[in-house]
1. Give me a count of the residues in the range 99-116 that are surrounded by 18 or more Cβ atoms within 10 Å (Cβ to Cβ), closer than 14 Å to residue 155 by Cα and without any contact (Cβ under 8 Å) to a residue 60 or more places away in the chain.
2. Can you report the number of residues in the range 77-98 which are without any contact (Cβ under 8 Å) to a residue 60 or more places away in the chain, part of a loop (DSSP other than H, G, I, E, B) and under 19 Å from residue 9 (Cβ atoms)?
3. Condition check: in contact (Cβ under 8 Å) with a residue 12 or more places away in the chain, surrounded by fewer than 16 Cβ atoms within 10 Å (Cβ to Cβ) and not in a loop (DSSP other than H, G, I, E, B). Does residue 177 satisfy that?
4. Residue 138 passes all but one of (1) without any contact (Cβ under 8 Å) to a residue 60 or more places away in the chain; (2) surrounded by fewer than 16 Cβ atoms within 10 Å (Cβ to Cβ); (3) not in a strand (DSSP E or B); which number fails?
5. Which of the residues spanning the range 105-130 are part of a strand (DSSP E or B) and more than 11 Å from the chain's Cα centre (by Cα)?
6. Would you mind stating whether residue 22 is modelled with pLDDT of 95 or more, over 24 Å from residue 142 (Cα atoms) and exposed (fewer than 11 other Cβ atoms within 10 Å of the Cβ)?
7. Looking at the range 71-92, can you tell me whether even one residue there is at pLDDT below 95 and exposed (fewer than 15 other Cβ atoms within 10 Å of the Cβ)?
8. Return only the number of the condition from (1) free of Cβ contacts under 8 Å to residues at least 40 places away in the same chain; (2) surrounded by 14 or more Cβ atoms within 10 Å (Cβ to Cβ); (3) over 17 Å from residue 157 (Cα atoms); (4) touching a strand residue (DSSP E or B) at 6+ places or on another chain (Cβ under 7 Å) that residue 65 does not satisfy.
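The values are calculated or read from the model by the stated rules, or taken from the named source; none is laboratory data. The shown structure was predicted, so the numbers you read here are calculated from the model rather than taken from an experiment. Neighbour counts are summed over all protein chains in view; Cβ atoms, including those assigned to glycine, are modelled from backbone coordinates with ideal geometry.
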């Protein structure tokens, strides 16, 4: 497993070693011991989630705040997404900065998003299956988020605005500067 820190401290790209032959392929999705050795982080995932979305569905930018803050390890099982993490840790030198990466069933890359980050993704193919592990349980009262197209964040979502599908909740999220 290859682990590379992104431009945002504590946010990592995880690339598995894929073993393949004429029968197909195999790879280890996550190994707690190796992850800890390479990052120094002690993570215990307690909840796995999965979504299936059509092309253009944007889910985000979300986070859980307070005692229900979550770190996530995200990956694509089928299809392709543009995945985005935004550092909202007020004491961080990269506060307000974002990192984006294409995750797909072909590249098998994963992104580790630490606590204190907004997270979102947009599906770039129909029937995309997106999976994520969380190190804390979801709590509705702890939901928070920021509008996906906030001008202060200046995120390029790779699709035209007319192609983007949002939930009613995500359309009504506040701007970043009001946080």
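1. 1
2. 4
3. Numbers: in contact (Cβ under 8 Å) with a residue 12 or more places away in the chain: yes; surrounded by fewer than 16 Cβ atoms within 10 Å (Cβ to Cβ): yes; not in a loop (DSSP other than H, G, I, E, B): yes.
Yes; evaluated as a whole, the condition is true for this residue.
4. (1)
5. Filtering the range 105-130 down to residues part of a strand (DSSP E or B) leaves 110-113, 117-123, 128-130.
Residues satisfying the conditions are 123, 128, 129.
6. Numbers: modelled with pLDDT of 95 or more: yes; over 24 Å from residue 142 (Cα atoms): yes; exposed (fewer than 11 other Cβ atoms within 10 Å of the Cβ): yes.
Answer is yes for this residue.
7. Checked the range 71-92: at least one residue is at pLDDT below 95 and exposed (fewer than 15 other Cβ atoms within 10 Å of the Cβ).
8. (1)
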